[in-house]
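Heads up, the thing below is written out as structure tokens.
The values are calculated or read from the model by the stated rules, or taken from the named source; none is laboratory data. Keep in mind the model is a prediction, meaning the values are calculated, not measured. So basically every Cβ, Gly included, is an ideal-geometry build from the backbone, and we count neighbours across all protein chains shown. The area values use the complete protein model at the heavy-atom level, side chains included, leaving out ligands, DNA and RNA. Shrake-Rupley method; radii C 1.70, N 1.55, O 1.52, S 1.80 Å.
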Amino acid sequence: MGPGTLLKVFQDLYGRTPPSYLLGIRGEAYELGEPLSDAAENHLRQAIDWVLSLLNRPESAIWDTLLDCPSKSTHSNAHPRPPSSTSILVQDP
């Protein structure tokens, strides 16, 4: 099930969509059967570490600050920024 489908099911069940975030991780090469490159593996590790830091702080205001959402609160240096090897799509309810 894709992210859009999951959000649609939630909306159908609860009449609204929750705040949602889609994380993209930069890849390097896409050869069939080849393992991750060192750079791609590093991007993945950075993304996992960053997501784990988010999951340890489930308050939505902290997520908005960490994600540096343009329409939300301003970024605080007390919170880690997402790795430059990631992109984030934010879907407001």
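Some notes on this structure:
- Of all residues in segment 22-36, those being within 20 Å of TRP63 (Cα to Cα) and open to solvent by less than 70 Å² (accessible area, probe 1.4 Å) number 2.
- Contacts under 9 angstrom Cβ, first residue in segment 25-41 being of a type in the set (S, T, N, Q), partner surrounded by 12 or more Cβ atoms within 10 Å (Cβ to Cβ) and part of a loop (DSSP other than H, G, I, E, B), 6 or more apart: SER37/GLY27; SER37/GLU28
- Considering the conditions (1) more than 15 Å from PRO83 (Cβ to Cβ); (2) surrounded by fewer than 12 Cβ atoms within 10 Å (Cβ to Cβ), PRO3 is excluded by exactly one of them, (2).
- Residues in segment 7-30 that are in a loop (DSSP other than H, G, I, E, B) and charged (D, E, K, R): ARG16, ARG26, GLU28.
- Only one of the listed residues (ALA61, ALA39) is within 22 Å of SER84 (Cβ to Cβ), among the aliphatic types (A, V, I, L, M) and open to solvent by 40 Å² or more (accessible area, probe 1.4 Å). That residue is ALA39.
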